[in-house]
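Notes follow the structure.
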Amino acid sequence: MDDDFLVTLETGKSQLKEISEKALGPVKESILPLQNQEAQNIKGRLARFGVLVQEFRIKFQNTLPYHVAETSPEIIDNAYNQITEFYNETCKFENEARELNNLETLFDL
């Protein structure tokens, strides 16, 4: 009896796949151009994001106060303010990267 049940279960699974293909096939075909267009848009966003990250990296390396010859409360405050600004920008990049990663997963890029 267990073998009959397994055969019935497998047959039901195959029939369900056939029905879903018949029902969803035309819908998939009609949205495919839109899906491809959105995938291209996401690829463009990814490319622009890569450029922005590279520009940020260069700006970070050139303006962050690594070595300071003299110290004063004003110089220290300015350094902390710069670090805070870079931190906030980095958080924005992380959020955008997370969003783009989700879109990549959604569109199988």
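The values are calculated or read from the model by the stated rules, or taken from the named source; none is laboratory data. Keep in mind that this is a model prediction, so the values were computed, not measured. When we count neighbours, we look across all protein chains shown, and the Cβ atoms used for this are built from the backbone with ideal geometry, even at glycine.
Mind listing whichever residues of the stretch 54-68 are at pLDDT 80 or above and more than 17 Å from residue 84 (Cβ to Cβ)?
Scanning the stretch 54-68 gives 54, 55, 57, 58, 61, 62.
For the stretch 22-55, name all the residues that are among the acidic types (Asp, Glu) and out of contact with any helix residue (DSSP H, G or I) (no Cβ under 9 Å at 6 or more places or on another chain).
Within the stretch 22-55, 29, 55 qualify.
Within the stretch 69-109, restricting attention to residues that are among the small types (Gly, Ala, Ser) and out of contact with any Phe, Trp or Tyr (no Cβ under 9 Å at 6 or more places or on another chain), which residue is modelled with the lowest pLDDT?
The qualifying residue modelled with the lowest pLDDT is 69.
So which residues in the stretch 19-46 are charged (D, E, K, R), over 16 Å from residue 105 (Cα atoms) and surrounded by 10 or more Cβ atoms within 10 Å (Cβ to Cβ), if there are any at all?
21, 28 - these are the residues of the stretch 19-46 that are charged (D, E, K, R), over 16 Å from residue 105 (Cα atoms) and surrounded by 10 or more Cβ atoms within 10 Å (Cβ to Cβ).
Output the number of residues of the stretch 26-56 satisfying the condition of being without any contact (Cβ under 8 Å) to a residue 24 or more places away in the chain and hydrophobic (A, V, I, L, M, F, W, C).
6
Does residue 23 meet the test of being within 30 Å of residue 97 (Cα to Cα), among the small types (Gly, Ala, Ser) and without any contact (Cβ under 8 Å) to a residue 60 or more places away in the chain?
no
Which condition number does residue 89 fail, the rest of (1) in a helix (DSSP H, G or I); (2) exposed (fewer than 10 other Cβ atoms within 10 Å of the Cβ); (3) not aliphatic (A, V, I, L, M) being met?
With (1) in a helix (DSSP H, G or I); (2) exposed (fewer than 10 other Cβ atoms within 10 Å of the Cβ); (3) not aliphatic (A, V, I, L, M) applied to residue 89, the lone miss is (2).
Only one of 95, 101 is surrounded by 11 or more Cβ atoms within 10 Å (Cβ to Cβ) and outside any loop (DSSP other than H, G, I, E, B). Can you tell me which?
None of the others qualify; the one that does is 101.
Testing residue 15 on (1) surrounded by fewer than 10 Cβ atoms within 10 Å (Cβ to Cβ); (2) of a type in the set (S, T, N, Q); (3) more than 24 Å from residue 92 (Cβ to Cβ), one condition comes back false. Which one is that?
It fails just one condition, (1).
Of all residues in the stretch 56-86 being outside any helix (DSSP H, G or I) and of a type in the set (A, V, I, L, M, F, W, C), which is farthest from the chain's Cα centre (by Cα)?
The residue in question is 69.
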